[in-house]
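The structure appears below as structure tokens.
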Amino acid sequence: MKDDKEKIPEPFSVRQFKGNLTLRTSPEVHRQLAAHAAEQGVSINQYILSRVME
């Protein structure tokens, strides 16, 4: 990277993250996520977060 004069990316350990993530999906997947979340009594966001953290 240095030889190509490209900027060296900042390490993840020092980067600042906002905690926002945009996810694009099909209407059918959105419907399924909403149904699963409702079954568990949580928001879609909480449901997705629980699945990602497994």
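Do the conditions hold for Ile8, that is, is it touching a Leu at 6+ places or on another chain (Cβ under 8 Å) and of a type outside the set (Phe, Trp, Tyr)?
No: the conditions fail for Ile8.
Scanning region 26-54 for residues that are under 16 Å from the mean Cα position of the chain (by Cα) and of a type in the set (D, E, K, R), which turns out surrounded by the most Cβ atoms within 10 Å (Cβ to Cβ)?
Checked region 26-54; the qualifying residue surrounded by the most Cβ atoms within 10 Å (Cβ to Cβ) is Arg51.
Evaluate region 37-53: report whether one residue or more is assigned to a loop (DSSP other than H, G, I, E, B), of a type outside the set (A, V, I, L, M, F, W, C) and modelled with pLDDT under 95.
no
Anything in region 1-36 that is modelled with pLDDT under 90 and among the basic types (Lys, Arg)? List them, or say none.
Lys2, Lys5, Lys7, Arg15
The values are calculated or read from the model by the stated rules, or taken from the named source; none is laboratory data. Note that this is a predicted model, so its numbers are computed, not measured. Every residue, glycine as well, gets a Cβ built from its backbone with ideal geometry; the counts of neighbours run over all protein chains shown.
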